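The structure appears right after this line, and notes come after that.
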Amino acid sequence: MNALRPLLSVSLLALSTLVNAAPPPIEQASADVEGYIRCIQDTYATNRWQSGTIAACRVSNPAVRSLREGDYVSVTFTRAQNDLYEQSRKQWIEFDKALRVQLLSKKLGELFQSANPVTAYSFQRVASDLDTRFAELNEAPFSWYPATKAPYTTVNGLSLASLHNAELAQFTRCLENATARLSASSIRRTTFDTNVTACYGETAALNSDGSKALYQPQDFSSVAEQVWAQIASQQARAQEAERQRLAKEEAESWPNRLKVLLKQAFIWVLVIGGLFIAWTVVRNLPDTIPEQGAGRRRRERDDDNEHGDRQPRERKQVDRKPDLNTFTLKHRKISKLTTKHLCASCTHWMGPRTPHPVNSEPYVKLDAVGKCVKKRAGSPYGMKRYNEGFHCKDFSDIGY
């Protein structure tokens, strides 16, 4: 069939030179229509139908070509010529209508089933070849005539889509059977790919042209990836179960149990120690608060002493019935008398003062603490606090 294509092309090329020629006499139309019909029937009967067969039959019968192209002008005809024209044109049109209906509704389906495609790849190849060979049936003037093309189906009545789905299902079963014979936990991707190739071959081996091709191979690849995803998921679950089993065995081992007990004991020791420290702090809190209060009052008194030179000190009310002996024993007069002690006796006392109950002269309690200033020329001592060295015993009035 393919060997006739060059010969048909040469014939069409040779006959195409007649396109621009004058139309044959109308008296030739009846014979050319009969010749056109025989050409179509003989070509179909001998299975020599190719793309361009109808055009070749028209060219070999030029009156039919002229009828199709509208080259005849009926107004120039005699009555007998006009009757011949109408009869030839009607015979040609009715044949073309019947040819389109017969081929599309019946003959194409018979030709398809006679090829007996059993794979989706062969199905698509045969259907495409038939559509190409009989494409003229969808061109003018054939396209003007009503006809319904019967869908292509296999001998078993399967369409292309149903046959393709059946092949995908068979491919899936092939992979599942191949992997079922192996351990799902031990199968590797290389082994799986080998099985995929083998399952490809089971389907492609039925192609009518002997090729190893598949119809829409990406669908088969998608099925293969889905099956592998299931295997990989099973392997992941098996690995996780094994990991949990090993972790459980390790957790239940004696060394690990001992480690857990020691850790818990250490935590309890820390908790008990923390509670004991908190209890100790809470218990000693009442003793700490008075000391803090005393320290705060002492700091406030020191601040008052630092600012004593700027703020006049209020004198306390003098008891009008003092005990002078007791006062003399507990106080020392602030005067210019000084003694040399290792603590550097105060020359100018800046601490708290107590007025004499009779003459209101400034005195200081013997246990008083405060600041004093050593202002003797060349003395290395300056301002001193009560907690630096020994307490001062002799004092001098600074003059305020």
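The values are calculated or read from the model by the stated rules, or taken from the named source; none is laboratory data. Everything numeric in this text was worked out from a predicted model, so none of it was measured. Cβ sites come from the backbone with ideal geometry, for glycine too, and all protein chains shown count toward neighbours.
Quick notes on this one:
- Scanning segment 117-145 for residues that are of a type in the set (A, V, I, L, M, F, W, C), part of a helix (DSSP H, G or I) and more than 21 Å from Ala205 (Cβ to Cβ) gives Leu130, Ala135, Leu137, Phe142, Trp144.
- Between Leu182, Leu163, the distinction of being of a type in the set (A, V, I, L, M, F, W, C) and assigned to a loop (DSSP other than H, G, I, E, B) belongs to Leu182 only.
- Taking segment 190-241 as the range and being among the charged types (D, E, K, R) and under 29 Å from the mean Cα position of the chain (by Cα) as the test, the residues that pass are Asp193, Asp219, Glu225, Arg237, Glu240.
- Arg173 vs. criteria over 21 Å from Thr43 (Cβ atoms), among the basic types (Lys, Arg) and either outside the structural domain of Asn47 (by TED's automatic domain parsing) or not in a helix (DSSP H, G or I) (or both): yes
- Condition check for Ser208: surrounded by 12 or more Cβ atoms within 10 Å (Cβ to Cβ) and closer than 29 Å to Gly52 by Cα: yes
- Any hit, segment 232-255, residues being in contact with a helix residue (DSSP H, G or I) (Cβ under 8 Å, 6 or more places away or on another chain), surrounded by 11 or more Cβ atoms within 10 Å (Cβ to Cβ) and not assigned by TED's automatic domain parsing to the domain that holds Gly109: no
- Cβ separations smaller than 6 Å between residues 6+ apart or across chains give the following pairs from segment 92-116 residues that are part of a helix (DSSP H, G or I) to residues that are surrounded by fewer than 16 Cβ atoms within 10 Å (Cβ to Cβ) and among the hydrophobic types (A, V, I, L, M, F, W, C): Ser105/Ala150; Gly109/Ala150; Gln113/Val155.
- Those residues of segment 315-358 which are assigned to a loop (DSSP other than H, G, I, E, B), in contact with a strand residue (DSSP E or B) (Cβ under 9 Å, 6 or more places away or on another chain) and modelled with pLDDT of 85 or more, in sequence order: His356
- Every condition in (1) crowded, with 17+ Cβ neighbours inside 10 Å; (2) under 60 Å from the mean Cα position of the chain (by Cα) is met by Ser114 except one, and the failing one is (1).
- When Asn138, Asn82, Asn165, Asn61 are screened for being at pLDDT 90 or above, under 52 Å from the mean Cα position of the chain (by Cα) and not aliphatic (A, V, I, L, M), only Asn165 passes.
- Checklist (1) surrounded by 13 or more Cβ atoms within 10 Å (Cβ to Cβ); (2) of a type outside the set (Lys, Arg); (3) in the same structural domain as Arg100 (by TED's automatic domain parsing) applied to Thr132, failing item: (1)
- If the condition is being in contact (Cβ under 8 Å) with a residue 12 or more places away in the chain and under 16 Å from Arg189 (Cα atoms), then segment 227-245 contributes Val227, Trp228, Ile231, Gln234, Gln235.
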